[in-house]
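All remarks here apply to the structure that follows.
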Amino acid sequence: MPTISQWWTARREAAALRRRPIADDLWKRTLVRYPFLRSPADPGASALRRMSSLFLDRKEFTAVPPLRLSNDVVVAVAAQACLPVLHLGLERYDGFVGIVLHPDQVVARRQHLDEDGVLHEYDELLSGEAVEGGPVMLSWRDVRSSGRTAAEGYNVVIHEFAHVLDMADGVANGVPPLPPDIERAEWVATLTAAFDQLVARVAAQAPSTLDPYGAEAPEEFFAVASEAFFVNAAALRAEHPALYALLARFYRCDPAAAT
């Protein structure tokens, strides 16, 4: 028999699903555009569809003109954002509300104080950005092309939402809050070994399943590895089996199981 808390949760979620349903034809189009959303155990991604509706009910979307917030746009973001927490729970995203969508990449002005106390200013081209407490910024052009870029292990939505998971403890360092069955030492050792391999590959200009941007820092490596885990799983498992196995334990799923 469910507890009172469970009863209230089920009632709230049922109301949210009625408020933000995803039509059958829209969901079918979404799965065609982003095939990595399907899983062997649930080819129709029904659990993901349900969570995506709950996500849409809890988050606030803003679009920068001329982009408009059509149903196709918000569902594409919601489905990809929910993929990493499908087996972890949507509450992992409770620390933020806002999502800002730009039509294309954004130029951000940055400042950096070097070891000698000299302030450097530069421009950085961003496809996405997550900051503690939100909002999460995304380039719609990159989101829209995620189906085509999956073979390259690139997915801006999963990348930025991996940062959200990482920052849940207040620090962006590539070590998100871990489940009891994963020791911090094991996590750090496994990711550090794979990170060092990527750094060496990038220095040697050798190809890799992982985006070279992951060699920038451990926190970027975790986000890049998460992208590849969900959208190019078989290639990641072949190139980095220990890393893949650890991420499978963390995300509680095995995207490469059927390949």
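The values are calculated or read from the model by the stated rules, or taken from the named source; none is laboratory data. Values in this document were obtained by computation on a predicted structure and should not be read as measured data. Glycine also receives a Cβ, built like all others from the backbone with ideal geometry; neighbour counts cover every protein chain displayed.
Could you run through the stretch 212-240 and say how many residues are crowded, with 23+ Cβ neighbours inside 10 Å and outside any helix (DSSP H, G or I)?
Qualifying residue count, the stretch 212-240: 2.
Which one of 5, 46 is of a type in the set (S, T, N, Q), farther than 25 Å from residue 105 by Cα and at pLDDT 95 or above?
Just a single option satisfies the conditions, and that option is 46.
Filter the stretch 237-259 for residues that are hydroxyl-bearing (Ser, Thr, Tyr) and either over 15 Å from residue 40 (Cα atoms) or modelled with pLDDT of 95 or more (or both) and give the result.
244, 251
Show the residue pairs that are 6+ apart or on different chains and have beta-carbon atoms under 7 Å apart, the first residue being within the stretch 85-110 and within 13 Å of residue 60 (Cα to Cα), the second being assigned to a strand (DSSP E or B) and of a type in the set (Phe, Trp, Tyr).
Matching pairs, first to second residue: 99/61; 101/61.
Select from the stretch 1-51 the residues that are surrounded by 15 or more Cβ atoms within 10 Å (Cβ to Cβ), in a helix (DSSP H, G or I) and of a type in the set (Phe, Trp, Tyr) and write down the one among them that is farthest from the chain's Cα centre (by Cα).
27
With the stretch 125-188 as the region, which helices (runs of 4 or more DSSP H) entirely inside it contain at least 3 residues that are touching an Asp or Glu at 6+ places or on another chain (Cβ under 7 Å)?
Counting at least 3 such residues, we get 156-166.
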